[in-house]
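So the structure is just underneath, and the comments pick up after that.
The values are calculated or read from the model by the stated rules, or taken from the named source; none is laboratory data. Treat the numbers as computed from the prediction; the structure is a model and nothing was measured. Cβ sites come from the backbone with ideal geometry, for glycine too, and all protein chains shown count toward neighbours. We work out accessible area using only protein heavy atoms, side chains counted, and drop any ligands, DNA or RNA first. Shrake-Rupley method; radii C 1.70, N 1.55, O 1.52, S 1.80 Å.
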Amino acid sequence: MITTNSSPASVNESEARKLPRWLLFAVLIAFVLPLFFSSDVWSGRSLSSFGVAWNMANGSFSDWLMPNINDVPVADAGPLSYWLEAISILLFGRIFGDVAAYHIAAGLWFAITTASIWYTAYSLASRDEALPLKFVFASEVHQRDYARALADIAVLMTVGTYGLIAAFHELSVVTAVLAFSSFVLFCVVISLRYLWTGSILAGLSLGAIALCSSPGVGLWCALAAWVAIICTPDYTSRTKRTIVTLASAFSTAMIWPALVFLAYPAEGYHWFGSWLGLSTSAFAPLALTDYPWLIKNLIWLTFPLWPLAIWGVYSWRNQIHQAPVAIPLSFFLVALCSVLFTGTEANSTILCIVPSLAILAAFGIVSLKHSEENVLDTYAIVVYTLAIGAVWFYFYAWTQGEPEKMAYSLTRLAPNITEHGTSGILLILALVMTVAWLALVFWRLFRRPIYIWRGALLNGAGLTAVWVIVMSLFVSLIDGASSMQPIADSAAKALAAEGAKSGTVAQYNLTKSDIAAFNYWGGISFNEEEQPEWVVASVNADSEEAPESLSDYRAVKVIEGRPRSGKQFLILQKVAD
């Protein structure tokens, strides 16, 4: 068929037909829905983040400026992400409960991330250099339809990325960094047309990244924006865009330190010393022994984006200096370097690769040959159908007790859970998601649609369906395996039974997440007295005696820790002289 340009994308009008908006939003809503299945906070990072936000919501102005949990400084990140979570608790805590209100913030971060990726992909695909082949004797795809289809693909592939599940269901600073880095990518793109608006917004977002994480992460994101600006043609002045972006970024990042030193100069000096110390100590190359970890996590967390992104760069290699490829590729390469050269901060920067990879993967999908387009469809159908079947099989084993090995593999995760099963509503939801997935599979197999977004839809909807079904069926099991609530309750009851008074309890060897749990669920506020009457201590699971440094205390209560955590908690009372 005769064409009139040399684009690697081959898309006609029928293939770019609009994906129903209700279907796209249904997938996105379903993705965040499991956040609200439990009234608990599971992981240590998420619990620490909740502890800081809850402390802000119930504390003083100094708590908002210098993040802490029960006066224990949390200096590994700035306060911005905690501010949003604390505001959410203040606004919605009385209506939905503090934990659910805290999780609403994750929904907002997810909305910022997906919206930024969608509009970035749409803006890039709308450019003339990104348009598909124009056929002389075939129906030509409209520019708007093509851009919308590519943007839908980018978002659906993002949702179908394995690493995003942990990021948005284990709410932490990383979630906020991912959202702001996605927005920076969008702002750099729109600065090609609107120099001042795009550059100022990009700078504000870069400053926000520094305020919610560390100077190291903020500098890497600023470097990514600068590289993206200088690697694209000079549609608008690159010099002006760079100066405006960096100036607004620096101004934004300085707002918080200025407030701290104006209001609490002495405390601010010590807090920022710890913050900068932790940031600079992590700003170093990864050790050679960490590279196996890096490779494994990169492959796993960014799958299935990276194979398609590689194909996208290869297919569009002749346009590599043009904005649609140069901008996301620049962000990806700098983000990858940040993972290689930021030591332990790789945990904070590794997912910043996802937005740029998703856009490159979308360009890769639209450039696949027709004989290759079915690969993603087949992968999604086979993998996620088998996964859903396995989830239901394990649920049957867990509730019925057979096969015994399968039942035991789940029961040992939370041996204290006696009632195996889930609520009627969640069971119905799991069934609905299963039927919806099977309907989507039948639609693909028997209707044989030609839409270019069908593989991305199957991928995003498949992973979402698996996640919702797992959470619907096993939420009580996960609560039993991960919750600190019963431990904190037991400690509070033990202290009350012994007549412990408020202000007489200290902690020994507790993590920040432990302190947050005892604060919130147990209502226990720890003090820093040298010789307190009571101590809550964390010890190894095989120890029931007070640690040597607390030899003048005796254990009055032993509380088992979370299953398989390898630790337990002691309620210690000072022995009278």
statement: Summing -39500 (n - 2.57) over every DSSP H run of at least 4 residues in the chain and dividing by its residue count gives a helix-only mean residue ellipticity at 222 nm, to the nearest 500 deg cm²/dmol, of -20500 deg cm²/dmol
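Could you tell me which of the pairs Lys493/Lys574; Lys501/Lys557; Lys134/Lys240; Lys296/Lys405 are separated by over 26 angstrom between their Cα atoms in the structure shown?
With Cα atoms farther than 26 Å apart: Lys134/Lys240; Lys296/Lys405.
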- prompt: Considering only protein heavy atoms, what per residue accessible area in square angstrom results for the chain with a 1.4 angstrom probe?
  reply: 44
message: Students often forget the sequence filter, so: which aspartates and glutamates lie under 17 Å Cα-Cα from Lys18 once same-chain residues fewer than 8 apart are removed?
response: Glu140, Asp145, Asp152
In Hz, Karplus ³J(HN,Hα) per residue of the range 245-255 (6.51, -1.76, 1.60; θ = phi - 60°; x = Gly, Pro): 4, 5, 5, 5, 5, 5, 4, 5, 5, 7, 4
- line: Calc'd 3J(HN,Hα), the range 528-544, phi into Karplus 6.51 cos²θ - 1.76 cosθ + 1.60 (θ = phi - 60°), Hz, glycine/Pro = x, comes to 10, 5, 6, 10, x, 6, 10, 9, 9, 10, 9, 9, 5, 4, 9, 10, 10
query: Where in the chain lies the longest segment free of GluC sites (Glu not before Pro) that are both loop residues by DSSP (not H, G, I, E, B) and have at most 14 other Cβ atoms within 10 Å?
result: 14-371
query: Of the accessible area of the chain, with the probe set at 1.4 angstrom, what percent is carbon plus sulfur?
result: 63
query: When the Kirkwood radius is taken over all Cα pairs of the chain, what Stokes-Einstein diffusion coefficient follows at 10 °C and 1.306 mPa s, in µm²/s?
result: 62
field: Student exercise, the chain dipole from Lys, Arg, Asp, Glu Cβ charges, in Debye to nearest 20
entry: 2260
- prompt: For the range 474-577, what class follows from the C-alpha gyration tensor (a ≥ b ≥ c being the square roots of its eigenvalues): rounded when a/c is under 1.5, otherwise prolate if a/b is larger than b/c, else oblate?
  reply: prolate
query: To the nearest 10 degrees, how steeply does helix 195-212 sit against the main Cα axis of the chain, on a 0 to 90 scale?
result: 30
task: Specify the angular offset, from 0 to 90 degrees and rounded to the nearest 10, of the alpha carbon long axis of helix 485-497 from the longest principal axis of the alpha carbons in the chain.
output: 20
- line: Sorted by chain and then number, the residues having a modelled amide H within less than 5 Å of the amide H of Tyr508, at least 5 places away or on another chain, are Val536, Ala537, Ser538
message: Compute the angle between helix 291-301 and the longest alpha-carbon principal axis of the chain, please, reported from 0 to 90 degrees and rounded to the nearest 10.
response: 70
statement: Restricting to Cα pairs under 8 Å and 6 or more apart, the percent relative contact order of the chain works out to 18
message: Just to be sure I understand: if I project the alpha-carbon convex hull of the range 370-482 onto a plane and average over all orientations, what area do I get in nm²?
response: 7.9
task: Would you please give the residues with an amide H less than 5 Å from that of Tyr553, counting only those at least 5 places away or on a separate chain, with H modeled from the backbone geometry?
output: Val575
- line: Taking every other residue with Cβ under 12 Å from the Cβ of Gly503 and scoring Lys and Arg +1, Asp and Glu -1, one gets -2
